[in-house]
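The values are calculated or read from the model by the stated rules, or taken from the named source; none is laboratory data. These figures come from a predicted structure and were not determined experimentally. As a convention, Cβ positions derive from the backbone with ideal geometry for all residues, glycine included, and neighbour counts pool all protein chains shown.
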Amino acid sequence: MEKKYLISIKDSNIKFNAKNNNYSILDSAIASNIILPHGCKSGACGSCASKLTKGTISNKNSELISKNNSILLCQSFPNSKEVIIEYTSDELKILKEKNRNNFKIIPKELLLQVVENKSVTPMVKELSLFVPPKLNFKFYPGSHMDLTYENNKLCRKYSIINSPNNSLNLESNIVSFLIVNHNRNGLSKIIHNKIKPGDLLKLKGPYATFQYKIKKDDPVIGIAGGTGISPILSIVKDLLNKNHTLNALIYLSVRNRDEILEMSTLFKLRQKYKNFSFKITLTREKKLPNNIFLNGRVNDNLQKIFKDLSTHKVLISGSDKFVDATYRHVLKLNALKKNIYYEKFSEN
Ligand code: FES
């Protein structure tokens, strides 16, 4: 008979089952739609750390770990029937809020109508779909949806660029995504070439995979490569909405001025919030006189803006390469691993 393992979070009613011990505790939580802090899922970032207070687990090296030890949930597999893990009181407060039943967001399949599919740069379109109010669509900042086409033959995840309101609903019943076309065969190319207003598209989600732990007053820097601006804007706008004096900076890296995304949104945010600012760097354009942009790669520019990121929460989003290079660079500027959160996307 298959063994069952019950995982609980101390001082809460959050519980979930792990079907067998081949799945990490983190994967079992995700499969049960339980939201727990995490980042890389590979043991590198430390975001999924918690304390084991009851039971035993085994780690990736098959070593048994018993209670009162700190564990990484993405590297831990249940070994006793009952496992209890503990978070700090601040973390627990956020977890309870995110997992409250009426706020728990279950991904659903939706058939939505395209209302706009407009070019915002030569390679990027902004795809917008109408979400009927009766669906009561709720999502967390930085969430993504899976978009499918041709009976699920093609499927790809796209980050939502909107920020939710205080009830986690869309402000306008329109959900939008930035879609970049690298001219490879795939869903992004189809969206660029075939999808028109009035078409119906199948989406599944939302999924809150870009996890972060940011308190109201933590200074924040969001670093985006190209369309990685979507989840960064979604999260930073939400944080600013909750704290109008938050110290926040968005840093966008694109190749040239043709590729700049969301510049008017960034200007509006700067006008609205006194401690918000943004920088745009152009990696393949020469410096022009009186130009407001930076030139060169993130590594060259970030150290001119910041000497020390040890007190910052750092959000990074972009291609694999961009995120890896930026991650290494912010570590050199003293950012703490536990304060770096990122989301990667492939360019295919
Ligand atoms: S170390 Fe577990 S999610 Fe990064």
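Criterion applied to Leu168, Leu252 was being closer than 20 Å to Asp324 by Cα and more than 15 Å from the chain's Cα centre (by Cα), and the one residue passing it is Leu252.
For the residues Asn13, Asn68, Asn59, the requirement of being within 14 Å of the ligand (Cβ to nearest atom) and at pLDDT 85 or above singles out Asn59. Here the stretch 27-54 is the region considered, the condition is being buried (at least 17 other Cβ atoms within 10 Å of the Cβ) and more than 14 Å from the ligand (Cβ to nearest atom), and the residue that is nearest to Gly142 (Cα to Cα) is Ile34.
Being aliphatic (A, V, I, L, M), in a strand (DSSP E or B) and in the same structural domain as Arg257 (by TED's automatic domain parsing) holds for only one residue in Ile292, Ile316, and it is Ile316. Report yes if some residue within the stretch 297-305 is part of a strand (DSSP E or B), surrounded by 13 or more Cβ atoms within 10 Å (Cβ to Cβ) and within 23 Å of the chain's Cα centre (by Cα); otherwise report no. No.
Within the stretch 319-341, how many residues turn out to be in a helix (DSSP H, G or I) and in contact with a Phe, Trp or Tyr (Cβ under 6 Å, 6 or more places away or on another chain)?
Going through the stretch 319-341, the residues in a helix (DSSP H, G or I) turn out to be 320-332, 337-339.
Filter again for in contact with a Phe, Trp or Tyr (Cβ under 6 Å, 6 or more places away or on another chain), leaving 323.
So the count comes out to 1.
Of all residues assigned to the stretch 259-273, at least one qualifies as being more than 23 Å from the chain's Cα centre (by Cα) and on the phi < 0 side of the Ramachandran plot. Just one of the numbered conditions (1) touching a Lys or Arg at 6+ places or on another chain (Cβ under 9 Å); (2) part of a loop (DSSP other than H, G, I, E, B); (3) surrounded by 16 or more Cβ atoms within 10 Å (Cβ to Cβ) is not true of Phe278: (2). Candidates Lys51, Lys4: the one that is within 25 Å of the chain's Cα centre (by Cα) and farther than 20 Å from Arg100 by Cβ is Lys51. Taking the stretch 75-123 as the range and being small (Gly, Ala, Ser) and over 30 Å from Glu63 (Cβ atoms) as the test, only Ser119 passes.
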